[in-house]
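In what follows, a single structure is set out as C-alpha cells and then discussed.
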Amino acid sequence: MNDLLDGLTQAAWLVISLNPDLYEIAARSLRVTLAALVIACAIALPLSALLAVQRFRFRRATIAVLNALMGLPPVVVGLVVYVFLSRSGPLGVLGLLFTPTAMVIAQVIIIVPLIASIAHQSLRELWAEYHDLLISMNAGRAQRIATLLWDGRRALLTAALAGFGRGVGEVGAIMVVGGNIDHATRVMTTAIALETGKGNFALALGLGFVLIALSVMVNLAIHWLSRTETGGRW
Amino acid sequence: MSALLPMRASGVCVHRRGKRLIGPVDLVLDGQGITALIGPNGAGKSTLLKALHGLERLSAGRIDWACPQHEAQQMQAFVFQTPVMLRRSVLDNLMYPLRLARTPRAAARAAAAQWCARIGLEGMEGRLATVLSGGERQKLALARALITSPKLLFLDEPSASLDGSATREIEAILTLATGAGTRIVMATHDMGQARRLAREVVFLRRGEVHEAAPAATFFDAPATRAAAAFLAGDIVD
C-alpha cells in the first residue's frame, strides 16, 4: 500500500519537476505508438472494408486467421522481427535493429489484426444494411469501401483506439527489438520493466501512472477531435 | 442515352434454399405510367421487383432490356420497403447517387438542395438522415432514387405504414416523376393507391403472374376468380 502511495507521489513529482528523462521517454512512447497506429490503420481499415464487401475464396479463412492473430504473443512477434532485422537476417543490411523504426514495425504487426478484426465486425453490420442500396446504385468496389469507411468512422475510431491501447502498453516486442537503450529506444513500458527489475517500485509505479494518464489523454483527445469534426451528431 | 424499354422477362424463376419464391414469370414492360404489382403476402412481389432490378440471382429464365445490361442498370433506381438511410446528413444522402456517378460536388449539392425543397425537407439539410421520421425517410429515399432521373423506378410498398398526408405527398412526387418520363413499377397493398395511380395492374399469386391487365379493365372486370375475390377483400392465398 505504501508503494502505491509512494508511486503516486513519485508520478506527481516527475510531472511537476518537468523531469527531462520522463518527458523524453513519454514522447518516444507516443511517437512510436502513434506512428505504428497510423501505419496499422492504413493497412487494417481498408482491409476490413474489403473483407466486408468482397466475396472471395479464402475470405472466411482470412477472417479466422485475423481473429486468431489478435492474441499474438508480442514477445514472439518481437523475436521474429528480431531475426529478420538482425545483422545476419534477410533485412540485416537495413541496420534497423535496436532503432525506434524496428519498434514501430513490431507494433504494426501486433495491432493490425486487432484493428482489422474489430473494424470488420462493425463494417460487416453496416454492409448488411447498405448492401442492397449500394448494389442498386451501381457503386463500384472502391466506392463501396469508401462509403463503408466514411459512414462507419465512429466504429473505426473505437477500433483504432483499441489498437493504440494495445500498442502503448506493450512491452515484450519492443523490449526485444528495441533493446531498451537509454536515450535511443527506451519507452515508458520498458523503463517500467527496468525500474521494477532494479527494485525501484515507487519510480516504476510513478512511470506506470504517467503512462495510464497519457493513454487516457490520447483517448480523450481523439474523441474530442472526432466530435468537432462530425459536428456533435450521432 | 439509348432506350431502356421494352423489358422482356421470360421464364424468370428465383429459388432460395431449394424453395421456389417466384416463377416462372413472363412479363413485358413498356409504355408510360405506373404498373401496380398487387397480390397477397408472400406472393413474391418484393422478390419479383428485386429480380427485375437485378438484385436477385435468377435460377432460371432471363431478363432482356432494349439496351445492354450494364447501361440498363444505370437507368434504374429502387426504393426499398424499409428505406435504407445512409448514416449521413439529408443533403449528403441526396448527393450520394450523383457523387457515385462522378457529378461535380457543386452541381450535386445544388440538385440535392432543389430536391430537398421539392420533398418539403428544406431546413433539414444538415440533419442526420437516420433520425428522420418514417414519412420523411420514405420521401428522402424516393428523392434519392429520382435525383438521377432514372428511366425506370421500382418501389416496394412506398407508403406502407404511412398516414394519409404522407401518402398524398408521396403520390404527388410519383405523379410528377411519371410526368417527367419515369416509368414506375410499384408493389402495393393499398388498393385505393393502385386505383389512383396505376395504368396497368399485375396480380401476383403464389409466385406467378395470375393476371395482368390495364388498370381500368382489371378493377372493373377482373378475368380470374382469384383476382375478383382479392379485390372484393376476400382472403386469397
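Some notes on this structure:
- Checking every residue in region B:202-214 against the condition of being more than 21 Å from residue B:25 (Cα to Cα) and either aliphatic (A, V, I, L, M) or crowded, with 17+ Cβ neighbours inside 10 Å (or both) gives zero matches.
- Selected residue (criterion: farthest from residue B:82 (Cα to Cα)) from residues of region B:120-146 that are within 10 Å of chain A (Cβ to nearest Cβ), open to solvent by 20 Å² or more (accessible area, probe 1.4 Å) and assigned to a helix (DSSP H, G or I): B:131
- Members of region A:2-44 that are among the β-branched types (Val, Ile, Thr) and under 24 Å from the mean Cα position of the chain (by Cα): A:25, A:32, A:33, A:38, A:39, A:43
- Residues being among the hydroxyl-bearing types (Ser, Thr, Tyr) and either outside any helix (DSSP H, G or I) or buried (at least 20 other Cβ atoms within 10 Å of the Cβ) (or both) - total across region B:168-201: 2
- Flag set for residue B:207, criterion: under 23 Å from residue B:82 (Cα atoms) and out of contact with any Phe, Trp or Tyr (no Cβ under 9 Å at 6 or more places or on another chain).
- Region B:92-119, subset closer than 23 Å to residue B:164 by Cα and open to solvent by less than 40 Å² (accessible area, probe 1.4 Å), residue nearest to the other protein chains (Cβ to nearest Cβ): B:115
- Checking the stated criteria, residue A:26 turns out not to satisfy the condition of being surrounded by 16 or more Cβ atoms within 10 Å (Cβ to Cβ), at pLDDT below 85 and more than 22 Å from residue A:144 (Cβ to Cβ).
- Checked against the criterion of being open to solvent by less than 30 Å² (accessible area, probe 1.4 Å) and either in a loop (DSSP other than H, G, I, E, B) or more than 14 Å from every other protein chain (Cβ to nearest Cβ) (or both), the candidates A:64, A:106 yield just one match: A:106.
The values are calculated or read from the model by the stated rules, or taken from the named source; none is laboratory data. What you see is a predicted model, and the numbers here were worked out from it, not measured in a lab. All Cβ positions, even for glycine, are placed from backbone atoms using ideal geometry, and neighbour counts span all protein chains on display. Ligands, DNA and RNA are stripped out before the accessible areas are found, and what is left, the full protein with its side chains, is counted by its heavy atoms. Shrake-Rupley method; radii C 1.70, N 1.55, O 1.52, S 1.80 Å.
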